[in-house]
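Just so it is clear, none of the values below were taken in a lab; they were calculated from the coordinates. For clarity, every value in this text was computed on a predicted model and none was experimentally measured. Note: ideal-geometry Cβ built from the backbone for every residue, glycine included; neighbour counts use all protein chains shown.
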Amino acid sequence: MASGPGRCVGRTDTDELRANGIKVAVCSNLALPYGEVVKKHFPDLDAYAFSYTVGVLKPDPTIYEAALSQLSLGAKSVWMIGDSQRCDRDGPSIHDIRGHFLNRSRAASLYDFSDLNAFRDAVLNC
């Protein structure tokens, strides 16, 4: 999840987003051992909403609400990207988050990105 001033991406991307005043979060269905690895590699993100801590799986709205609460942001100001159309594009979009699908084979629609650099650039230029 990334939010412009008033979204997952690689280390360089998260650093660049945060340097531009954009909050970055992880919202994921990862299990505990994997979540700890994410926190180790990305220790300074603005929020972490893991299914094992929230107690629900995406696309349950509770997990998105947990991330939004940690970010102290409204849904309409947040962008999200992930590799599941159902959980990262469609689910968030129903709740006013700008959900996008990371379709590495090709970007098929306005809501798809073929790589994380394009997503980062779109967030920075919105």
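Using only the alpha-carbon atoms of the chain as identical scatterers, what base-10 log of I(q)/I(0) does the Debye formula give at q = 0.20, 0.22 Å⁻¹?
Rounded to two decimals, the profile gives -1.14, -1.40.
Separation of region 50-126 and region 30-45 by C-alpha centroid, Å?
18 Å
Using helices alone, what [θ] at 222 nm do you get for the chain, with -39,500 (n - 2.57) per DSSP H run of 4 or more residues, divided over all residues and rounded to the nearest 500?
Using -39500 (n - 2.57) per qualifying helix, the result is -10000 deg cm²/dmol.
Using 0.36 nm times the number of residues separating Asp121 and Asp15, minus their current alpha carbon distance, what extension gain do you get?
Working: separation 106, 0.36 × 106 = 38.16 nm, distance 1.30 nm.
Length difference between fully extended and current span is 36.9 nm.
Based on the mean of other beta carbon atoms within 10 Å per residue, what is the order of 87-93, 10-16, 34-40, 65-71, most packed first? Walk me through the numbers on the way to the answer.
On the way: 87-93: 21.7, 10-16: 15.4, 34-40: 13.0, 65-71: 19.6.
The densest-packed peptide leads the list: 87-93, 65-71, 10-16, 34-40.
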